[in-house]
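Visitor: Got a structure for you, written out below as structure tokens; questions coming shortly.
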Amino acid sequence: MWVYILKRLLYALPIALSVTVISFMLVYLAPGDPLNAIAPADAPADVIEALKSAYGLDKPVPVQYGLWVWRAVHGDLGTSIASGRAVLTEVMGAVSNTFMLATIASLMGVSMGCVLGALAGYQRGSLTDKIATTFSVIGVSIPHYWLGLVLTIVFSINLGWLPAMGAGPGGSTEWVWDLEHIRFLVLPAITLCVIPMGIITRTVRALVADMLEQEFVIALRARGLSSVAIFKHIAKNTAPTVLAVTGLQIGYLMGGSILVETVFAWPGTGFLLNTAIFQRDIPLLQGTLLVLCMIFVVLNLLVDILQPLIDPRMGRT
Amino acid sequence: MRDHTQPPQSPQAPQAPQSVGYWRAVLRRLKHEPLAMLSAGVLLVLVISAVFAPWLAPGDPFKASMLKRLMPIGSPGYLLGSDELGRDMLTRLMYGARLSLVMGVVPVFSAFCIGTTLGLFAGYLGGRINMVIMRILDIFYAFPSVLLAVAISGALGPGLSNSLIALTLVFVPQIVRVAESVTTQVRQLDYIEAARMSGANAFSIIRVHVLGSVLGPVFVYATGLLSVSMILASGLSFLGLGVKPPEPEWGLMLNTLRSAIYNKPFVAALPGAFIFLTSIAFNLLADGVRSAMDIKK
Amino acid sequence: MSQETTTPLNTQDRGGPAQPILVVNNLKKYFPVRSGLFAREGKFVHAVDNVSFSVAKGKTLGIVGESGCGKSTTAKLIARLINPDSGKMVFDGDGVAEYGGIALKEFRKNLQMVFQDSFASLNPRLTIEQTTAYGPTVHGVSRAQAFAQARSLLQRVGLAPEQFATRYPHELSGGQRQRVNIARALAYQPRLVILDEAVAALDKSVQAQVLNLLQELKSERQLTYLFISHDLHVVHYMSDEVMVMYLGQVVEKGPVERIFSHAAHPYTRALLSAIPSMDPAKRTLKSPLEGDPPNPINPPAGCRFQDRCPLVKDICRSVSPMLAPVGVVYDHTVACHLNLEPPPHE
């Protein structure tokens, strides 16, 4: 068991390393000199030189990379060019906002998905099944950024019930768990939750329908087990897969929330990334990318490690 | 990163034979699926309007008019209203179909070709080559697909071809994973050993004996990617990373019309509705094809 | 050689009648056991351990043994589907894939194999005609000629081309599929055919038909067979010579009648006495073999049969016996310290 965990950890290390390289190098892929973002085009030569050495751009690229990784490991991701604040502070603040949004959306989506999927799986071919499947198809087909816009139009502009943008009154980014702030959370969360809902509905439906046809269920019923007890059996058997998918979904939503966050101006990592790209804020871009991908790698690792614990059938090598 | 539209399951090497007659039977079964046929019809309409846009569209997608900005739906001469620069929405939507369909199909098709080839070789040759290919791809898997697309797009810069490249790079690892998995399963079967006994080289064996079993599952997976590709591509344009203005592209139109949601919400939401429609059509068609392929003879 | 078509594949006798068609020397294959974090933990499965034998032209060598004794691995090594760790193989006087020997692709025309699982060994997406014709096309035969040859081969194995040529494997019965496998092997015009449990999965009546077909084909085409099986009745029927394997080693080899009547190795004797007999006077009352087969991973020193042998001596536990002739009979060899002059077997 521990051997397996160790193997997975060792295996994740080169990936994490490559992630750092790519996060760093992506900026250099772009056409144009990174310097152009920092200094105006017509600045005098000595100013440019000063800026260059201040940002370390005068050293060879591998050295820059090394320095960056070294500092990152010590918690210093540099300073944002646009805001002047430490990248780490900005990113961690954003991460907590996105994590909150992603987790809530995942939980909402997963619970709805389980309910719909179970209903559909139990009553295969019926109207309930068709409705649930419709929701599922909508969930995976809908462009969620568009859904966000539509919900904004309906609930914010037309009905005025909920705010259209931001994470707090007056555009504040400090989160407090009160009704004022929760109102800001509602629309983004609903928008994001349709994705996991669609996938989980599909997954659960397939699993439940498959399981109901298996012999052990027929055997249980023949022995007089009540439907509730049989349901518990099925729930136990589907739980590992659902948990695995949920974990992955949280990671996916954290990484892929950029579109929804842009629509709602939600101050999360996606929004930060967007800002960083358009303002050519290199340290911010590198730092955000690094943190996001590391979270995803760690999450994947956790899911991989936890899955055999939950599902004893998965005899991993 | 597993594809978020599929439940996590390993693709099965198909047991039923897949000759030419098989595909004809699939087509026949497909005709009995009403949703799939409806979707095919919708897609056909979109394709026709995209291809023949210059002849079918009522106006000029680029002709702006400051006086005719944000006209409501149903205005004379502007059947679906006009956008924030006074251009006819219907025309722009029809022209937009071109870009959106291209951005949906081209990356998936390219990824299909590249990915299947890589997966076949990784799976068949096994050993070190397999390890090298799969480990490199695992690095790509470390990024969620949206993030990867945004990152590559952001790095390469806006533009249609850059978006296509970014999306292809996002999908190739996923397709390679499917192809390699099926190839590894098939490779262990006895008839592959019998084929090796023939003295044929790896290319011949892959082409004659392995390719057929692999194409099915990969094709099914790829069709599921079509809607993802479209939504992702439009999303990139929505962020400003994809197609540049003044090109008519549905995602970009959503972006530029954002401020209009306050006074003309229906017009502003229209491009997204089309993305939704096309995406559902792709998915329902893909589902139909998948279940038509599923039934064994 | 074959009477129907001209021989485009040109597999001819090179060594002459006295040259054994196959000589195997000291063949070894160990598979590493990967149980720990790192691949090499020093444990190996001794799948094939120092196996040597030769096969005369036109004969059938039967190879028998329990599951896991290394028969199939030996077959795959001979067929070069897997590469041996060490050992030499000489086919009709030429080394295989060696300098000065016969090229691997050329070799593939001369040696073919029929597998046990008739369904898994046929590509489910090709018609049986296409499957049979594939081999010759790899070796340069034109498609038209290959298909014509395939049809005549199918005819020969008892599957009328008009009915069967365009069928798929899942549309045939087990026996029919095995006939297709035979036809496919023959399409190369091979000289040596390895039959790896080829009839094991068939019903008895179908087995008989297929075995008779194999005998006919052997004499028609001057084939040599390597017949691997665990079914001793079938081996008795088909073979001219029998080789007994145990845990990766050859323990006895000799002419079939000699082995079946005067087996010298305790293991062979145990196997033979376990054959159910039709004679009520010869009921098997107690199990001839006791104990479990030992672990093929890192086997013990000395004779591998030591833990189950009813006649085990001290020397058996320390020194591995070598193959030596039984008495003065030169072609019956046994690897046993006791080298029993066997009493006449009933």
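Visitor: Can you pull out the residues in the range A:262-284 that are among the polar types (S, T, N, Q) and assigned to a helix (DSSP H, G or I)?
Guide: If the condition is that a residue be among the polar types (S, T, N, Q) and assigned to a helix (DSSP H, G or I), then A:THR262, A:THR269, A:ASN274, A:THR275 are the ones that fit.
Visitor: Something else about it: When the residues of the range A:261-273 are filtered to those that are within 10 Å of another protein chain (Cβ to nearest Cβ) and not small (Gly, Ala, Ser), which remaining residue is nearest to B:SER259 (Cα to Cα)?
Guide: Among those that are within 10 Å of another protein chain (Cβ to nearest Cβ) and not small (Gly, Ala, Ser), it is A:VAL263.
Visitor: So B:GLN188 clears everything in (1) polar (S, T, N, Q); (2) over 30 Å from B:PHE274 (Cβ atoms); (3) surrounded by fewer than 21 Cβ atoms within 10 Å (Cβ to Cβ); (4) in contact (Cβ under 8 Å) with a residue 24 or more places away in the chain except one condition, right? Which one?
Guide: Going through the list (1) polar (S, T, N, Q); (2) over 30 Å from B:PHE274 (Cβ atoms); (3) surrounded by fewer than 21 Cβ atoms within 10 Å (Cβ to Cβ); (4) in contact (Cβ under 8 Å) with a residue 24 or more places away in the chain, B:GLN188 breaks only (4).
Visitor: Another question, then. Please go through the range C:80-101 and pick out each residue that is among the basic types (Lys, Arg) and buried (at least 16 other Cβ atoms within 10 Å of the Cβ).
Guide: C:ARG80 - this is the single residue of the range C:80-101 that is among the basic types (Lys, Arg) and buried (at least 16 other Cβ atoms within 10 Å of the Cβ).
Here's the yes/no breakdown for (1) more than 14 Å from chain B (Cβ to nearest Cβ); (2) part of a helix (DSSP H, G or I); (3) of a type in the set (Val, Ile, Thr):
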residue	(1), (2), (3)
A:LEU185	yes, yes, no
A:PRO188	yes, yes, no
A:ILE195	no, yes, yes
A:VAL208	no, yes, yes
A:ILE230	yes, yes, yes
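Visitor: Still on this structure: If only one of A:THR269, A:THR288, A:THR275, A:THR238 is touching a helix residue (DSSP H, G or I) at 6+ places or on another chain (Cβ under 8 Å) and over 20 Å from A:LEU88 (Cβ atoms), which one is it?
Guide: A:THR238
Visitor: Out of A:GLY251, A:GLY224, I need the residue that is within 14 Å of chain B (Cβ to nearest Cβ) and either modelled with pLDDT of 80 or more or out of contact with any Pro (no Cβ under 7 Å at 6 or more places or on another chain) (or both). Which one?
Guide: The conditions single out A:GLY251.
Visitor: Applying the selection to the range C:102-125, what residues are crowded, with 21+ Cβ neighbours inside 10 Å, more than 7 Å from chain B (Cβ to nearest Cβ) and among the aliphatic types (A, V, I, L, M)?
Guide: C:LEU111, C:VAL114
Visitor: From the residues in the range C:152-167 that are part of a loop (DSSP other than H, G, I, E, B) and crowded, with 20+ Cβ neighbours inside 10 Å, which one is farthest from the other protein chains (Cβ to nearest Cβ)?
Guide: Per the stated criteria, the residue is C:LEU159.
Visitor: Tally up the residues in the range C:170-187 that are surrounded by fewer than 23 Cβ atoms within 10 Å (Cβ to Cβ), in a loop (DSSP other than H, G, I, E, B) and either in contact (Cβ under 8 Å) with a residue 40 or more places away in the chain or within 10 Å of another protein chain (Cβ to nearest Cβ) (or both), please.
Guide: The number of residues fulfilling the criteria is 1.
Visitor: A further question on this structure: Being modelled with pLDDT of 85 or more, in a helix (DSSP H, G or I), farther than 15 Å from A:THR191 by Cβ and under 14 Å from the mean Cα position of the chain (by Cα) is true for just one of A:VAL95, A:VAL115. Which residue is that?
Guide: When all the criteria are applied, what remains is A:VAL95.
Visitor: Take the conditions in a helix (DSSP H, G or I) and either surrounded by fewer than 21 Cβ atoms within 10 Å (Cβ to Cβ) or facing chain A (nearest Cβ under 9 Å) (or both) and apply them to B:VAL267. Does it pass?
Guide: no
Visitor: Restricting attention to the range C:56-85, report how many residues are over 21 Å from C:HIS233 (Cα atoms) and among the hydrophobic types (A, V, I, L, M, F, W, C).
Guide: 6
Visitor: Across the range B:270-281, which residue is surrounded by the fewest Cβ atoms within 10 Å (Cβ to Cβ) among those that are in contact with a Leu (Cβ under 6 Å, 6 or more places away or on another chain) and within 19 Å of A:VAL260 (Cβ to Cβ)?
Guide: B:GLY272
Visitor: Please determine whether any residue of the range A:153-174 is in contact (Cβ under 8 Å) with a residue 60 or more places away in the chain, assigned to a loop (DSSP other than H, G, I, E, B), within 14 Å of another protein chain (Cβ to nearest Cβ) and buried (at least 16 other Cβ atoms within 10 Å of the Cβ).
Guide: yes
Visitor: Further, regarding this structure: Can C:LEU122 be described as outside any helix (DSSP H, G or I), farther than 16 Å from B:SER198 by Cα and at pLDDT 90 or above?
Guide: Taking the combined requirement at face value, the residue does not satisfy it.
Visitor: Can you name every residue in the range B:63-113 that is free of Cβ contacts under 8 Å to residues at least 60 places away in the same chain and acidic (Asp, Glu)?
Guide: B:ASP88
Visitor: Name the single residue that is surrounded by the most Cβ atoms within 10 Å (Cβ to Cβ) among those in the range A:67-104 being in contact (Cβ under 8 Å) with a residue 12 or more places away in the chain, among the aliphatic types (A, V, I, L, M) and farther than 20 Å from A:ALA265 by Cβ.
Guide: A:VAL87
Visitor: On to the next question. Any residue at all in the range A:178-187 that's in contact (Cβ under 8 Å) with a residue 24 or more places away in the chain and within 30 Å of A:VAL27 (Cα to Cα)?
Guide: Within the range A:178-187, none of the residues are in contact (Cβ under 8 Å) with a residue 24 or more places away in the chain and within 30 Å of A:VAL27 (Cα to Cα).
Visitor: Only one of these is modelled with pLDDT under 75 and under 30 Å from A:ILE182 (Cβ atoms): A:ALA82, A:ALA37. Name it.
Guide: From the options A:ALA82, A:ALA37, the qualifying one is A:ALA82.
Visitor: Another question about this same structure. Can you pull out the residues in the range B:222-263 that are in a loop (DSSP other than H, G, I, E, B), crowded, with 20+ Cβ neighbours inside 10 Å and more than 10 Å from chain A (Cβ to nearest Cβ)?
Guide: B:GLY242, B:VAL243, B:PRO248, B:GLU249
Visitor: Among the residues of the range C:160-174, are any closer than 27 Å to C:ASP13 by Cα and more than 17 Å from the chain's Cα centre (by Cα)?
Guide: No.
Visitor: Checking C:GLN149 against (1) touching a strand residue (DSSP E or B) at 6+ places or on another chain (Cβ under 7 Å); (2) more than 14 Å from chain B (Cβ to nearest Cβ), only one condition comes out false. Which one?
Guide: Failing condition for C:GLN149: (1).
Visitor: Being of a type in the set (Asp, Glu), touching a Ser or Thr at 6+ places or on another chain (Cβ under 9 Å) and assigned to a helix (DSSP H, G or I) is true for just one of B:GLU193, B:GLU180. Which residue is that?
Guide: None of the other options fit; the residue is B:GLU193.
Visitor: Among the residues of the range C:49-97, how many are under 26 Å from C:GLN12 (Cα atoms), not β-branched (Val, Ile, Thr) and not in a strand (DSSP E or B)?
Guide: The total comes to 14.
The values are calculated or read from the model by the stated rules, or taken from the named source; none is laboratory data. Just so it is clear, the model here is predicted, and its values are computed rather than measured. All Cβ positions, glycine included, derive from the backbone under ideal geometry; neighbour counts span all protein chains shown.
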